[in-house]
Every structure is written in structure tokens, then in C-alpha cells.
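The values are calculated or read from the model by the stated rules, or taken from the named source; none is laboratory data. For clarity, every value in this text was computed on a predicted model and none was experimentally measured. Cβ placement follows ideal geometry from the backbone for every residue including glycine, while neighbour counts extend to all protein chains displayed. Protein only, heavy atoms only, side chains kept; ligands, DNA and RNA dropped before computing areas. Shrake-Rupley method; radii C 1.70, N 1.55, O 1.52, S 1.80 Å.
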Amino acid sequence: LSRERMAKTDPKDRMHTLLQGIEGYNPQHLPELEKHLAWQIKENEYDFEANLVMLRLYQFNPELFNGDAVRLILLKAIGNLPFTDLTLCKYLIQTDRLMEEPLCHIIELGSLLETCQFHKFWETYKENQDIVGNISDWTSSVRSFIAYVIDTTYQRISKRLLMSLLDITSDDELKSVLETRHWKLEKKTTDEEWIFITNHEASVKSTKIKEKVTFDAMAKN
Amino acid sequence: TLLYTIKFEDMAWQRNEAPPTQNYYQETGSGDVAEPVVNFLKWFYHFIERNEIYHVENMYEDGFYKISEFYYKDKMWPAPEKVQEIVEEKDEGSIFMILYRELYYRHIYARLKPTLEHRFDSYSNYCELFAYLLAAEEPVKIELPNKWLWDIIDEFVYQFQSFQQFKSKAGKINDEEKNMLRDEDQVWKVTAVLNILIQLTEKCNLNDQLQALEEGEVVTEEIAGEFGMKPIYTMTGFFSLVGLLRLYCLLGDYHMALSCIENVQFKDKDMMALVPACQITANYYAGFAYFMIRKYANTIQLYQHILGYMQRTKQFFQNRSFQVEDINKKNDQMLALLAIASTFCPLRLDESVNIQIKEKQGDKVARIQHGDITVYDDLFFSGCPKFLSPVVSENPTSPFGSSGPRGMQLQVFKAEVEQQRLIPTLRSFLKLYTSIPISKLAKFLDMHENEVRCCLMAFKHKKEIAKGDGGEQTTLDIDFYVDKNMIHISDTKIARHYGDYYVQQVIKLRDSNKLIMSAALNPVAAGPTPP
């Protein structure tokens, strides 16, 4: 690959070209990959493929295992929910390692999110904030996921419940969330305030699937 | 000039000739080689040298197997040096000798127990074979039957698996072997095995070819390259891709497994379909990879299709008992995984598959529905492949040795089972209503309202993942939404399918008619006449 092409493309492309084929198993690339991970954290970028390469290298060369890098990779994977990145990562890490601190707390946080126990998640998060550290925008990625789940589940939800699920306390924060997700705060009629999420009634309907018998299908048999 | 003492058509294995008495031969290597075997080897050499692929295929698939059954059931084939003498081949590095050695070691692994030396020698032979293909400056002239190419790759991955398993049984390795392992630490190294398979796919531009096929284009030399235009390179490349799929799954790397086959179409009329064993293997591992990343709908789709295919083609494998065994095993593994997948993602299954599941796993499925989640372990163990760890440490007491690769995969799977624990119960309650307040449901489930809300959201979240990338799916699952404090449920009912049943009856009637007609024409042949 010519030098000019490599210089033009962005860090993710460069990394993927570097790791083609069997190079993805070359432990000499680890320092470069660790820098790439730091870049992701700082610039709020995400390169799942590169992070998986790091996990594979640790799997193939256990003496090079870097617990801190793994911590960051798992946190980034959680930030990408609902995609199954976290599960894929877990398969490549030794169970013993996952049960040690601090990784075990991160796995717990991931689990709470996947089972949608959001209140418990925020509790546990606040107890372990130092483990998460200061990954820029991590909490907003998590909120994004929670909002997505609320989107698919609710047609109307109480304002009180919504704010507790998303762990937002001020009305200003709520306003910006409503704007981003196109949700509407309904006019206050009772002492409970409701937020309209989306019209599920139109799409979630009972159906009966009838069998279509065609001559072609019968002829095949 | 008459080169050989016997005509090809008259060879013993083609006439199913019985083997001689037991004490006719001395130990392999120093004793005589039976004449039929000598003839077989000479003709085999003759056809391979002349690229007569039709006869090569015949001798490989039928002859080699039959002679192994008759003469070498629990013995090694004649030593390669002896065979070199017999066929009068001067070069021990010739392609025929490399291929013969491959068969020789394959036979040892299949019927006997390989020693550590056998393992090392077999590995060097594979390196020679693949170097022959990969280091060539222009495409090699030899052509080989597809089944043989598949078997080479399949066996290569299998021998690697066997080596890793051998190393992990640290208690059974003696000191001499330990030294040998330490000296030759490059042999059967996981990165070397991966590298070979990757290079074989790249040599023929396999990914470009697959992409072109996906878009319906014709594969030209521009796309495939000089090497890709020869079937031996493209087919070996394709089988190596399936080999990679399998290896990635065994190492727990499901993401890589699925990305490497992203351009492969799982259709009946495909490169894969040329060798049934390849098709079954590919479908099993692809389905397994989807299963482990929780895209159950994809697994169900693939497995249903391949199980149907296996039912229909079972009769063609009857003459090869060892193949039937393999196929039956894969069949059962897929059924076990299907049983699990359908509890997480209820989809409509074909009647024939449903019957098979009921037969083999019926009691286990019933236990799951009664809330017994320990059954998942059993089903998972029956269905999963033999996982490998890329690194096997020498010291058996090291922490990496104890929690073996299978244990690791199981832990992650169990976490998923735990997460899904409440969902079947939730589903069965929701099915009974079109709408129900959350408070009422909480009472039924004996949970707090908040817990119920979590469960409902988790149900939705898991459902979206399980859908995977399949297209239209006939789902048996319910759907719902929550409006304020009320759950509104929709159900998908499937009307009874009469089409298949109708066709079965028509066929039965036709067969009965045939029987009656033939009885009418031949009253004597039909049976004893009534008094």
C-alpha cells in the first residue's frame, strides 16, 4: 500500500490496513494498538475491530496481558450497546481475569444494563465511579442505550420514571433529551406528568398468518 | 508394453475381494506388501501423474477406503519409503509422495494412535504440501478431486485440534515428550496454522471472487488472478475459508468467524455444495457463531435448512459408515442447539425438525418450560464443538490450564441464560392477555412493579438482538408496548398449514394405486392366493 494513501486516511483505516491477515496476530503491534485505544478514549471515537485484535493478542500471549487496556476496551464496548460487542469481548478473556477487580465490576455494570435494571445500574456506577474513570461521554453513550430501550418499550411514560431511568435531575437536561429523541411532554392534566414516546399502537398489532398454497410449491413436493 | 501385472478394471478392491488369512503378512514396513495393494499404488501413481482426475477420484474415494478396511484395519499403510520403491519414484519430495504421506498419517490418526513423532512428521508434510501450492511462481499443473482437497484441509485443522488436546493432558506426557515439545516449539503453532489458511484464501483472491459471485458477475482472470482461475487453488482457498470459520469458533472468536464468511452465500447451488461434508461443517459452525452472539434467528434459519438437506441426502452416505457417524453426530449437535435457541427466540420450525427435536430432546425442552435452567448446561455441552485454547501452558497447575477453554465459553453462555431466566415465564403470562396493567402482572409474577418494568424492557432488548440480520421471519413471538401503566399485547397466530399434509396424502394414494395396479397385473407375485 503506497505511503501517500496511508497518510491520507484516518487512524481507523490506517490501523485496519496495518492489521490485515496474519498481522492481526503479531504482538509487535501492541504498543501501536494501545496508543490507538488512548486516542479512542480521548476523542470519543470507537474502533471495535482494533480492540478485538488487542484482546486476541492477549489471549494468544497471556504474558502480555494489560488489565488497564482491557478495562477500557470493556467500557467502550458497554458504550456501544445494544450491539453485542461486550459479549464478543467476554469470549476472548479468561474467566479468572474477569472475576478479578476491577474487571468484575465492569462486567457487573454491563450485566445490569443488559437486563435493563437501570436504577441498580446507576447505583452501582456511582459506587464505582473511579473504576470507570473519565472516559469522555461514556455516560451519554449509556443514556443513549437506555433511551433506545425506552423507545422500543413505551408509548407513554411518566416524567418521574423517565428521569430516574436516565439519571437526570434537572428540567434543562430533560428538555435537551426530549429534543434529541423527538419525545413530547404532554399537557399537565393530573398530578402525574406524562411523556409521549412514540405511537406503538399503529405497528404492534395482532396478526394471523395464513398459509398460501400455490401450485408451484405443491409441484415441487 | 504392459506396465502393470493387472488391468485397472480387474483390481481386487473393485471386486470387493476378501483379504487373505491373518498370518500371511508380517509387520508393516519389514514384511511384504500384498499384491493387490501394490497394484493399487502403481495405478494410483499412474493416474495422479497423468492428472486423470476421474480415476483419481474413484481410487481415492472408493479404493483407498476399501483397502484400508480389508488390509490395514488396525495397521499402518506401507511406509512411505517402501511405497517410493514400489512406484519407482526417484524424488521423495514429489507431489505424489507428499500426497501419499498425507493419506498415510491421516490413516494413523483415524485408526491408530499417533505418536509425538508422527505428529511432528505429519506437520512437516503439511508444510511441504502447502508450500508446493503457495510458493509456486505459476499455478501448479496437478488437479485433484474436490473431496480430497476438502479432506486435506479438514484433517489439517483436526490434527491441530488433536495436538492442542494432547498438550493439555499434561499428566499423560512423559519427560522425553516434554523435551521434544520444548525443542520443537514452532510445530503446530496456532499462528502458523492460521497463517497457512489465510494465505490459501488470499492466493486465489477468494474474497474478490466471492464478492463478484454475490453480485452475479462472472469471475474473470482480472478478479481471480492467475492462480484463482485454476480450480485447485480456488477450491482449496474456499475450503480453507471454512477451515478458518471452524478454527475461529474453536478459539471463541465469533466475530472473526462471521466476518470471514460474510461474502459466502449459504445456498444449495454454491461452491460449498460440491462437497456435502463441507456444507454441513460450514452450516454448523456458522450457526454456532450466530448462536454465541445471540442472533438466534439466524441460527434457526441455517440449521433448519441444513437439517432438511441432511434428511434428504442421508441415503447417499450409506456406503460410508464413518461418514454417516460424523453426519449423525452433527445432526444431534444441531438439534441440541436448536432446542436452546427456540426457547430464546420462538420461531416457526418445520414439522420434520420439530419431530426430531421432540424425539431426541423432548424431555429436556419440557424441563426448561417448567423453569429448570440446569438443563441448558447439558444441551450446551451436547451441542458445542470441542473448544481450544490458543496457548497451552506446560505447567498443568497454572491458572490458565484449570479453567479450560470449554469452561470459559460455558461461563459466558450461562451468564446469558441467567439474563434470560425470567423471560419465558413473562412470555407465557403475556400470551394470555391482550392488555394487562403492570400492577396485576406484578402480582401474578410475585415481583415488584419496578422489577416487572425491567423485565419488560429486557424482553424487548433481547428480542431485537435475537432477530439478527434475517429478513422476514415467521415469528411465534408476542409483541407489546407499555402505555402509562398498561401493557398492550399483540400476538402472531399461524393458521394451520394443510399444504404439506395434503401432499403427503396425495403421494400415499399414488403409491397405494401403484401397488394395487401391480397386484392386479401379477396376481401370483402379489402373494398367496385366497382359497
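What the table shows:
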quantity: Filtered residues of segment B:193-224 (kept if touching a residue at least 60 places away in the same chain (Cβ under 8 Å) and not charged (D, E, K, R)); calculated: B:ILE196, B:GLN199, B:LEU200
quantity: Answer residue from segment B:267-276, given it is out of contact with any helix residue (DSSP H, G or I) (no Cβ under 6 Å at 6 or more places or on another chain) and either touching a residue at least 40 places away in the same chain (Cβ under 8 Å) or part of a helix (DSSP H, G or I) (or both) and is farthest from the other protein chains (Cβ to nearest Cβ) among those; calculated: B:PRO276
quantity: Conditions (1) in contact with an Asp or Glu (Cβ under 9 Å, 6 or more places away or on another chain); (2) modelled with pLDDT under 85; (3) within 22 Å of B:SER162 (Cβ to Cβ); number of the one not met by B:SER122; calculated: (2)
quantity: Filter pass, A:GLN117 being within 9 Å of another protein chain (Cβ to nearest Cβ) and open to solvent by 20 Å² or more (accessible area, probe 1.4 Å); calculated: yes
quantity: All positions within segment A:149-167 that are out of contact with any strand residue (DSSP E or B) (no Cβ under 6 Å at 6 or more places or on another chain), among the charged types (D, E, K, R) and assigned to a helix (DSSP H, G or I); calculated: A:ASP151, A:ARG160
quantity: Tally of residues being within 21 Å of B:GLU128 (Cα to Cα) and either among the aromatic types (Phe, Trp, Tyr) or in a helix (DSSP H, G or I) (or both) across segment B:59-112; calculated: 24
quantity: Pairs with Cβ under 8 Å, 6+ apart, first in segment A:37-61 and over 15 Å from A:GLN94 (Cα atoms) and within 14 Å of another protein chain (Cβ to nearest Cβ), second among the charged types (D, E, K, R) and surrounded by fewer than 20 Cβ atoms within 10 Å (Cβ to Cβ); calculated: A:ASP47/A:LYS12; A:ALA50/A:LYS12
quantity: Verdict on B:ILE355 being among the hydrophobic types (A, V, I, L, M, F, W, C) and open to solvent by less than 20 Å² (accessible area, probe 1.4 Å); calculated: no
quantity: All positions within segment A:124-148 that are within 20 Å of A:TYR46 (Cα to Cα), in a helix (DSSP H, G or I) and either open to solvent by 20 Å² or more (accessible area, probe 1.4 Å) or not aliphatic (A, V, I, L, M) (or both); calculated: A:ILE131, A:TRP138, A:THR139, A:SER140, A:SER141, A:ARG143, A:SER144, A:PHE145, A:TYR148
quantity: Residues satisfying the stated conditions in segment A:62-75, i.e. free of Cβ contacts under 8 Å to residues at least 60 places away in the same chain and either in contact with a His (Cβ under 9 Å, 6 or more places away or on another chain) or of a type outside the set (Val, Ile, Thr) (or both); calculated: A:PRO62, A:GLU63, A:LEU64, A:PHE65, A:ASN66, A:GLY67, A:ASP68, A:ALA69, A:LEU74
quantity: Failed criterion for B:VAL219 (all others in (1) closer than 19 Å to B:LEU149 by Cβ; (2) open to solvent by 20 Å² or more (accessible area, probe 1.4 Å); (3) of a type outside the set (Ser, Thr, Tyr); (4) part of a helix (DSSP H, G or I) hold); calculated: (4)
quantity: Single unsatisfied condition, A:LEU92 versus (1) farther than 21 Å from A:SER140 by Cβ; (2) touching a residue at least 40 places away in the same chain (Cβ under 8 Å); (3) more than 8 Å from chain B (Cβ to nearest Cβ); calculated: (3)
quantity: Some residue of segment B:236-257 being open to solvent by 20 Å² or more (accessible area, probe 1.4 Å), free of Cβ contacts under 8 Å to residues at least 40 places away in the same chain, in a helix (DSSP H, G or I) and within 14 Å of chain A (Cβ to nearest Cβ); calculated: yes
quantity: Helices (runs of 4 or more DSSP H) contained in segment A:1-102 and holding at least 3 residues surrounded by 15 or more Cβ atoms within 10 Å (Cβ to Cβ); calculated: A:11-18, A:30-43, A:48-60, A:67-79, A:85-90, A:95-99
quantity: Condition broken by B:TYR158, with the remaining ones in (1) of a type outside the set (Lys, Arg); (2) part of a helix (DSSP H, G or I); (3) within 21 Å of B:PHE47 (Cα to Cα); (4) touching a residue at least 24 places away in the same chain (Cβ under 8 Å) satisfied; calculated: (3)
quantity: Qualifying position, being open to solvent by 80 Å² or more (accessible area, probe 1.4 Å), in a helix (DSSP H, G or I) and more than 26 Å from B:THR281 (Cβ to Cβ), among B:GLU117, B:GLU202, B:GLU177, B:GLU138; calculated: B:GLU117
quantity: Every residue from segment B:73-86 that is surrounded by fewer than 20 Cβ atoms within 10 Å (Cβ to Cβ) and under 16 Å from B:ILE108 (Cα atoms); calculated: B:LYS73, B:ASP74, B:LYS75, B:MET76, B:ALA79, B:PRO80
quantity: Number of the condition not met by B:TYR376 [criteria: (1) away from chain A (no Cβ under 14 Å); (2) open to solvent by less than 20 Å² (accessible area, probe 1.4 Å); (3) within 22 Å of B:GLN161 (Cα to Cα)]; calculated: (3)
quantity: Residue in segment B:277-312 that is nearest to B:THR343 (Cα to Cα), counting only those that are aromatic (Phe, Trp, Tyr) and either under 13 Å from the mean Cα position of the chain (by Cα) or within 14 Å of another protein chain (Cβ to nearest Cβ) (or both); calculated: B:TYR296
quantity: Unmet requirement for A:SER158, which otherwise passes all of (1) surrounded by 10 or more Cβ atoms within 10 Å (Cβ to Cβ); (2) more than 9 Å from chain B (Cβ to nearest Cβ); (3) modelled with pLDDT of 85 or more; calculated: (2)
quantity: Residue list for segment A:54-98, filter: among the aliphatic types (A, V, I, L, M) and either under 16 Å from B:GLN409 (Cα atoms) or more than 19 Å from the chain's Cα centre (by Cα) (or both); calculated: A:LEU55, A:LEU57, A:LEU64, A:LEU86, A:LEU88, A:LEU92, A:ILE93, A:LEU98
quantity: Residue pairs meeting the criteria (Cβ under 8 Å; at least 6 apart or on separate chains; first among the charged types (D, E, K, R), in segment B:434-450; second open to solvent by 30 Å² or more (accessible area, probe 1.4 Å) and assigned to a helix (DSSP H, G or I)); calculated: B:GLU449/B:SER439
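Condition check ((1) modelled with pLDDT of 80 or more; (2) over 27 Å from B:ASN179 (Cα atoms); (3) within 14 Å of chain A (Cβ to nearest Cβ); (4) not in a loop (DSSP other than H, G, I, E, B)) across all residues:
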residue: B:VAL365; (1), (2), (3), (4): no, yes, no, yes
residue: B:PRO390; (1), (2), (3), (4): yes, no, yes, no
residue: B:GLY401; (1), (2), (3), (4): no, no, yes, yes
residue: B:GLY407; (1), (2), (3), (4): no, yes, yes, yes
